[in-house]
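Data first, discussion second: the structure below is written as structure tokens.
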Amino acid sequence: MAITILKTKINIPSPRPNLISRPRLLQKLDDGLNRKLTLISAPAGFGKTTLLSEWVQMCRHPIAWISLDEGDNDIQRFYGHFVAALHTIPKLENAHVGDTGLAALQSSQIPSKELLITSLINDIVENIPPFGIVLDDFHVIKASQVNEILIFLVENLPTNMHIFLSSRADPSWSLARLRVEGQLIELRADELRFTSEESKVFLNKMMDLDLSLADVAALEVRTEGWIAGLQMAALSMQGRTDKSDFVRSFSGSHRFVLDYLMEEVLKQQSAAIQEFLFKTSILERMTASLCDALMGRDDSRLVLAQLDNANLFLIPLDDERRWYRYHHLFADLLQQRLQQEQGYSVRNLHRQASDWYEKNGLITEAMKHTLKAKDFERAAERIEQVGWATFTRGEMATVIRWISDLPQNILSSRPQLNVLYAWALAKSGDLEKVETGLQGIDSPTMRGEIAAIRAYVAGVRGNLSQAVELAQIALAELPEENLPMRAIVTQNLGVAYYWNGDPISATQFLTKAAELTRLANQKFQTLTTLAILGRAHEMQGNLHKAVEIYQDAIDLASESSQQPVPFAGMIHVGMAGPLYEWNDLDGAMQNVEEGIRLSKMGGFVAYQIFGYALLTKIYEAKGDHDQANEMLQKAEWLGQDSEYDLVMALVAETRFRIWMRQENLATANDWAQAHLINSMTDLNAADEIEQIVVAQVFAAQGKFNQALDLLSQLLDTAQAARRMENVLKILTLQAIVYQAQQKIDSALSVLELALSFAESEGYLRIFIDHGKPMDELLRSALTRGVFPNYAARLLEHNEAKSTPTQPLIEPLSERETEVLRLIVAGLSNSEIAEELTIAESTVKTHINHIYGKLSVTSRTQAAAKARELTLL
């Protein structure tokens, strides 16, 4: 589900009429356009928002704006509004800025800050002209996740972007380095205070008080230039004849001054207006129908317009003046008075606000007021109704906040809320608190769900045997009718078996999970289940069955949504594997690139790593070694400290190819010595692949007997587990080693076993990738009548691989060659246009011509073809 955007939060507040222009401050804000960060930090009432809204109107660059509130501590809500604010910048209507991060936030896992911000930075660099973004009222942001992604953004801020923070307190960041680097502009209370001249203009010209210079000076001293204090003092003096007496009696700390001024301001309002101010002060935002619900009247629109015209601390939030908020300080004071008034029930006001928000479909706001009303039974009922949907959208922080506000006696009577809370903690990565929460559940009916959560936590921690054991317990305990939970547990069980290298058990449970997810109408779970199920069949060597499953999943994703489905990224990466094995390199590349793109949107790191490892093999097969090296580096960077052992084993397998091409046997040997396992019993799939690589290193060093001994042991374990994908790798390597020892009969005997299994599934690359040694062995097989048709076919592919590439039928023009050179250098279309002093549309025309002449469809393919043909 999409994140709901409140447009009033991203509208730039309109400047108030008759503002005091403050050119010295506006200039400092302009200077911020040459720095990374501008911080406007001062207590309430110092005119921070007013100053920024005035500056925005005259700024030479477009400015985006977010008015923050406590709800933005939820990472999904904050990021959604951040992206929506960027889209208010002119000419971005059709851009896809932030789409990757938004899609990732709708996945089952909270994506990393690097994923969210890296994709966003790339979008900003490519799509947005120089601009600034204002984060107003930043002091409400307490969540570490939100702070972390902003710190990461500031540290890696693109040169076309500038951030302006308005806050009552400094952010909890380290600002020292920004100061030293000259990347920070600061505006604080001392600079924001009204000067004597500004105070005089404000009091006498704007507020028309006709005060003497002595009275103006006295008020300035009393308020210390504090704008809100001056404003309230001015409101209190309107209509008075004894202004000098008022000024002389105006003294004390801010708190007492405010109490006094509120008394004076409120006395000038009618009883009806005072009641309106008090009751509506509980609202962070207000609109006429919401105020009507609290007031029991139908004329709130007129009252709001009256308060707005009177400048009574009411701030419009949209150009149509339908939504407003009170100045925060004014709201605080009204709420203090509301608490003191005996005639009002504050809790009842919160209930009425909650009802209005619920009727208007704003569940998050409804929950906020229900909790403030301390109507915990009702809050618990609402969470039970909407909590799982909120959880499914990935709003873990919201779920955690809701449930943590409930008292223990409510939670103890509602075990389902404890389970939801534990799931939210687990999915948000706070694993240490999960078990504490689960121990408080005393309900036999919840044993299955508790075991399911514990199975998930065990899996995340890498304890796969415990994950399997707990998942089996969960399935035994869960009712048959609880399809969603049984589907999740069954899927997790199948995944655990797959990661352990038991493809038979994995296939059994994943097939069942696919059925359950379809019955439960869980498209996400269906797609992810099919992705792993396809890999389980590949592990068994069943390429045709794997492709059938992947195609079904791709069809499912396209049928049910017109938009890109991030979860289909897993499927496309999976599909690329068999296509590569069948030597359809272009089809494999197309699928893997799409898979990586979608996996980035969904935050599926394992499939990004797997995808880059596949791309490394594809580029190696195409002879593009530079691109192969780059893809391997991406896979290794993403896999740093990764717990995805099986995927990283595949990366190691790919890395070995690079080492051999570079004749880097010393590094390969160091790796092999560090990863050699003495005992071959109970090997999982990842260990097995790594040991195959170790055997390859031994063979490359001429340690043939060591290689054969190791391969013999590995063959036993792989065959026992039905890991036929690995069996084929072992058999082909054994054949090559026997051939190197001049044991042709043994080599052909082993090769015959490999060919007997591989022919029906159409394996090609597993033989082709061995190069010339395999060519010689296949010729011997052809001579001796060992699978002659299959051997001849494999030899044909190898000969086609070695055929020189033909030159272009239509050569590139001089200008097209210049554009191609800049494409290879990584420049965007706009950067190429600037470099060559031509229109961006002309660049696109040249690129289309280049694609046609090179017979490619993407920048990556064009760069690879350029290198292959040595065009540059």
Would you work out what percent of the accessible area of the range 620-679, with all protein chains in place, is carbon or sulfur (probe 1.4 Å)?
44
Once the mean of 1/r over all distinct C-alpha pairs in the chain is inverted, the Kirkwood radius in Å reads 31.6
Would you please state which residues of the range 51-95 a label at Q335 would reach in this model, taking the label point 7 Å out along Cα→Cβ and a backbone N cut-off of under 17 Å?
68-73
Estimated 222 nm signal from helices in the chain, with DSSP H stretches of n ≥ 4 weighted -39500 (n - 2.57), rounded to 500
-20500 deg cm²/dmol
Under a point spin-label approximation (7 Å from Cα along Cα-to-Cβ), what is the D430-R188 distance to one decimal in nm?
3.4
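Using 0.36 nm per residue, how much length does the chain from D210 to Q274 gain when fully extended, once their Cα-Cα distance is taken away? Please report the intermediate quantities before stating the final value.
Details: separation 64, 0.36 × 64 = 23.04 nm, distance 2.80 nm.
So the extension gain works out to 20.2 nm.
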If I model a spin label as a point 7 Å beyond the Cα along the Cα-Cβ vector, how far apart are those points for A217 and D716 in nm?
10.1
The range 374-523: percent of C-alpha pairs farther apart than 25 Å?
28
Straight distance only, please: which lysines reach the Cα of K372 with their own Cα at less than 16 Å, same-chain residues fewer than 8 apart left out?
K279
Find the relative contact order for the chain and round it to a whole percent, using C-alpha pairs within less than 8 Å whose residues are 6+ positions apart.
8
Suppose every Lys and Arg Cβ carries +1 and every Asp and Glu Cβ carries -1, with no other charges. What dipole size does the chain come out with about its Cα centre, to the nearest 20 debye?
1180
Would you please state the base-10 log of I(q)/I(0) at q = 0.15 1/Å for the range 158-217, with intensities from the Debye formula using one equal scatterer on every alpha carbon?
-0.67
Binned Cα-Cα distances of the range 457-616, short to long, each 10 Å bin given as a whole percent
12, 39, 36, 11, 1
Given a Förster radius of 45 Å and the C-beta distance between S746 and S855 as r, what FRET efficiency does 1/(1 + (r/R0)^6) yield to the nearest 0.05?
0.50
How big is the gap, in Å, between the Cα center of the range 575-628 and the Cα center of the range 421-456?
37
Dipole-positive endmost among A613, A455, V647 within the chain (Cβ charges, Cα centre):
A455
Listed residue (S196, T860, T4) projecting farthest to the positive dipole end of the chain, Cβ model:
S196
Cα Rg over Rh - the range 431-491, Kirkwood:
0.96
Separation of alpha-carbon centers, the range 650-687 and the range 147-216, rounded to whole Å
57
Test of understanding: extend the Cα→C-beta vector of E481 to 7 Å, then name every residue of the range 411-426 with backbone N under 18 Å from that spot.
416
With label points built 7 Å along Cα→Cβ from the Cα atoms of E831 and Q662, find their separation and express it in nm.
2.5
Just to check I understand the Karplus step: with θ = phi - 60° and J = 6.51 cos²θ - 1.76 cosθ + 1.60, what whole-Hz values come out for the range 734-743, glycine and proline as x?
4, 4, 5, 5, 4, 4, 4, 8, 6, 9
Gain upon complete extension [E70, K7; 0.36 nm per residue less C-alpha separation]:
21.1 nm
Per residue, the convex hull volume that the Cα atoms of the range 577-707 enclose (Å³)
122
³J(HN,Hα) across the range 44-60 via Karplus (A = 6.51, B = -1.76, C = 1.60, θ = phi - 60°), whole Hz, x for Gly/Pro?
4, x, 9, x, 5, 5, 4, 4, 5, 5, 5, 5, 4, 5, 10, 5, 7
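Structure shown: which of K91/K844; K48/K243; K113/K617; K200/K243; K113/K359 lie over 23 Å apart, alpha-carbon to alpha-carbon?
In this structure, K48/K243; K113/K617; K113/K359 lie more than 23 Å apart at Cα.
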Which one of I532, L230, T88 has its Cα pushed farthest toward the positive end of the charge dipole of the chain, where Lys and Arg give +1 and Asp and Glu give -1 at the Cβ?
L230
Compute the FRET efficiency between M680 and D442 as 1/(1 + (r/R0)^6), taking r as their Cβ-Cβ distance and R0 = 56 Å, and round to the nearest 0.05.
0.75
In whole Å, what are the extents of the range 354-442 along the principal axes defined by its C-alpha atoms, from largest to smallest?
37, 27, 17
Provide the FRET efficiency to the nearest 0.05 for the S413-V125 pair, computing r from the beta carbons and using R0 = 56 Å.
0.60
State log₁₀ I(q)/I(0) for the range 19-151 at q = 0.15, 0.19, 0.20, 0.22 Å⁻¹ as given by the Debye formula over alpha-carbon point scatterers of equal weight, solvent excluded.
-0.79, -1.21, -1.30, -1.47
Rounded to whole Å², per residue accessible area for the chain with a 1.4 Å probe reads 43
Scan around I40 for amide H atoms under 5 Å from its own, H built in the peptide plane at 1.01 Å from N, and keep only partners 5 or more places away or cross-chain.
L165, S166, S167, L187
In the range 626-668, GluC sites (Glu not before Pro) in a DSSP loop with at most 10 other beta-carbon atoms within 10 Å:
E663
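Seen from all sides and averaged, what is the projected area of the convex hull of the Cα atoms in the range 572-622, in nm²?
If I average the Cα hull's projected area over directions, I get 2.8 nm².
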Percent of accessible area on the range 169-234 owned by carbon and sulfur, 1.4 Å probe?
52
Would you list which aspartates and glutamates come within 12 Å of K374, measuring only between C-alpha atoms, while excluding same-chain residues fewer than 8 positions from it?
D405
Distance-filtered residues of the range 157-192 - backbone nitrogen under 17 Å, label point 7 angstrom along R24 Cα→Cβ:
186-192
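The values are calculated or read from the model by the stated rules, or taken from the named source; none is laboratory data. A quick note: this is a predicted structure, and the numbers were derived from the prediction, not measured. Quick reminder, even Gly has a Cβ in these numbers, built from the backbone with ideal geometry, and neighbours come from all protein chains shown. Note: areas computed on protein heavy atoms with side chains; ligands, DNA, RNA excluded. Shrake-Rupley method; radii C 1.70, N 1.55, O 1.52, S 1.80 Å.
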